[in-house]
Amino acid sequence: MSILWALIRRDLTLAIRQGGGVGTALGFFLTFVVLLPLGLGPDQALLQRLAPGALWVALLLSVLLSASTLFQQDYEDGSLDVMALGAAPLELVALAKSAAHWLSAGLPLAIAAPLLGFLLNLNPAGIWPLAISMITGSLALSLIASIGAAVTVGLRRGGLLVSLLVLPLYVPVLIFGVSASAGGPQIATAALLILLALALVSLVLAPLAAAAALRAYLK
Amino acid sequence: MFRGISFSVEAGNLLQLVGPNGSGKSTLLRLIAGLCDIADGSLALDGGHEELSIGQQCHYAAHQDAIKPALTVVENLRFWSGFLGGGNVDGALAAFDLKRLETFPAALLSAGQRHRLSLSRLALLPRPIWLLDEPTVGLDSASLEKLWALIRDHLVKGGLAIAATHVPLPFPGTEKLDLGVEAAA
């Protein structure tokens, strides 16, 4: 456990000091939310209808953008070699790195999104459902992105490949995430539970898949 | 890469891998650490920890220094001590005389200093096998002496070390494995 914590703490420190991928994610999200109403025009009712879906798409792309290089630095500077010789298996390394990514990118975005939703005329009643579903969903997004990041870790320009690999896996999260934030009361609860299930399944499976890919690259 | 290689290293001894560039010295080290698959053959460690793999009982120091430029020197070592399961950070800083630089971001270090920081991982916590890939590159003579002292101490304590390097090593009883000759045979 202390091993995981050491890794999470290091990645959070790096995220704060370097900005890097996480800074790009936050910047992208902000730009998207600011520009969308300018592009759509002054139709307030239209904006309100679009807001949850637009915020979800922005969250999804921001996470993808920042997570696609999750393992790259550690692979290039040899940290991953040393980590592979550590007491913790690579599955836990992948889990800790995804968790750190979620804490530094997914979670702040999920918390900021409902506030930024005011720019999109988000219905005030929808703030809590949106926040809860985004917090749950962004965990799944970070974990799923770690698979794509691990599969392309040795490729110089793996960004496009990560998108192609990961987007199909993102579709269910997007669908249920939007239903959980914008559907009626009954649909929203059901969708939120499915979203939670998706997050839990990726919590178990994504580190396994990512570690398998990393091992294949190290060998 | 190579075939028909056989060697053994006793506790307290050092094996020097020599051979021309590209003869597979680094690959052999990665193989021992378990970072590469062995196509055919076997590796065995007598008297090691039963529940740990050979790699988990190795210190592996290679060209890539596993240093984060955005962290300070001491933060880099603290992370590895946390990740590798404990260790004496102050002792590791002292091993290569990095105490003075401890609060500097690793990005400001020179190549030689980075290498010293990378090598100080060896002093962080004891592991029975040291795999050193070109450990002397970029070190000044004072640091080289410190490296020899560190290795000597490790060997005296019953550890074993395998080093891929071209410089002559100042240890009596160093065995040599020439991969160039083995590959040609």
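The values are calculated or read from the model by the stated rules, or taken from the named source; none is laboratory data. This structure is a prediction, so every number in the text was calculated from the model and none was measured. Cβ sites come from the backbone with ideal geometry, for glycine too, and all protein chains shown count toward neighbours. Just so you know, the surface numbers come from the protein's heavy atoms only, side chains and all, with ligands and any DNA or RNA stripped out. Shrake-Rupley method; radii C 1.70, N 1.55, O 1.52, S 1.80 Å.
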So what are the ³J(HN,Hα) numbers for segment B:84-94, from phi and the Karplus equation (6.51, -1.76, 1.60; θ = phi - 60°), rounded to whole Hz, Gly and Pro as x? 7, x, x, x, 9, 5, 5, x, 5, 5, 5
Compute for chain B: radius of gyration divided by Kirkwood radius, i.e. Rg/Rh, restricted to C-alpha atoms, rounded to two decimals. 0.96
So what's the angle, to the nearest 10 degrees on a 0 to 90 scale, between helix B:141-156 and the longest Cα principal axis of chain B? 60
With a 1.4 Å probe, how much accessible area is buried between chains A and B, both sides summed, in Å² to the nearest hundred? 2300
Computed accessible area, B:Glu10, all protein chains, 1.4 angstrom probe, square angstrom: 120
Whole-Hz ³J(HN,Hα) from phi, Karplus 6.51 cos²θ - 1.76 cosθ + 1.60, for segment B:121-131, glycine and proline x: 4, 4, 8, 5, 8, x, 9, x, 10, 10, 10
Accessible area of segment A:2-218 divided out per residue, in Å², using a probe of 1.4 angstrom: 43
Using the Kyte-Doolittle scale, which helices in chain A average at least 0.0 and also have C-alpha atoms spread 18 Å or more along the helix axis, with helices defined as whole DSSP H runs? A:2-18, A:20-40, A:44-67, A:127-151, A:159-182, A:185-218
Taking the dipole of segment B:1-101 about the Cα centre (Lys, Arg +1; Asp, Glu -1; charges at Cβ), the one of B:Ile32, B:Cys58, B:Gly91 that reaches farthest to the positive side is B:Gly91
Mean-square fluctuation check for chain B, GNM, Cα pairs under 10 Å: which of B:Leu98, B:Leu35, B:Leu124 is largest? B:Leu35
Rounded to the nearest 20 Debye, what is the dipole magnitude of chain A about its Cα centre when Lys and Arg each give +1 and Asp and Glu each give -1 at the C-beta? 80
Once each part is reduced to its C-alpha centroid, what is the distance from segment B:1-79 to segment A:153-219 in angstrom? 35
For B:Ser8, what accessible area in Å² do you get when you roll a 1.4 Å probe over the heavy atoms of the protein chains, rounding to the nearest 10? 80
Tilt relative to chain B, helix B:73-83 - C-alpha long axis, 0 to 90 degrees, to 10: 50
With a 1.4 Å probe and every protein chain left in place, work out the accessible area per residue of chain B in Å², rounded to a whole number. 47
Once you have the Kirkwood Rh of the protein assembly as shown from its Cα pairs, apply Stokes-Einstein at 37 °C and 0.692 mPa s and quote D in µm²/s. 141
Where N is the number of residues in segment A:1-114, Cα Rg divided by 2.2 N^0.38 Å: 1.29
State the volume of the convex hull built on the alpha-carbon positions of chain A, expressed per residue in Å³ and rounded to an integer. 112
Listed residues B:Asp46, B:Asp37, B:Asp153; largest mean-square fluctuation, Gaussian network over chain B with Cα springs below 10 Å, found at B:Asp46
Heavy-atom accessible area, 1.4 Å probe, ligands and nucleic acids excluded: residues of segment B:45-63 down by at least 30 Å² from chain alone: B:Gln56, B:Tyr60
Keeping all protein chains in position, work out how much accessible area B:Tyr60 exposes to a 1.4 Å probe, and write it in Å² to the nearest 10. 20
Portion, in percent, of the accessible area of the protein assembly as shown that falls on carbon or sulfur, probe 1.4 Å: 64
